[in-house]
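Data block below; observations after.
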Amino acid sequence: MSEDETERVWLVYREYTDKGLLDLTYATPDGDRVLSRQRSLNAGDPTAAVDADPADLEPVEDPADRKRYGQEASRMRDDHGPDERV
């Protein structure tokens, strides 16, 4: 997959599970689509953004979530470089 075939998504939510995992949600800057990932806490801090395959992005149905995700993704984009650990 080339860079032209990806879409940059920004970290909008993280939750620590009781099983030693970190649930991450990345969203498009408009908040319309999200990518969910789960990783070990030992993997280190996540980056502010990742480049995702558009086929892996899920639509956000709730208008309130779309607005919130869009605002947070835009804030992350404005405040952090994509590879910055957050």
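Readers should treat all values here as calculations from the given coordinates under stated rules, not as data from a laboratory. Please read these numbers as outputs of a predicted model, since none were measured by experiment.
Grab the Cα-Cα distance for Asp65 and Tyr13, subtract it from 0.36 nm times how many residues apart they are, and report the gain in nm with one decimal.
Full extension of this stretch gives 17.6 nm more.
For the chain, what mean projected area does the convex hull of the alpha carbons give, in nm²?
For the Cα atoms of the chain, the hull's average projected area reads 5.8 nm².
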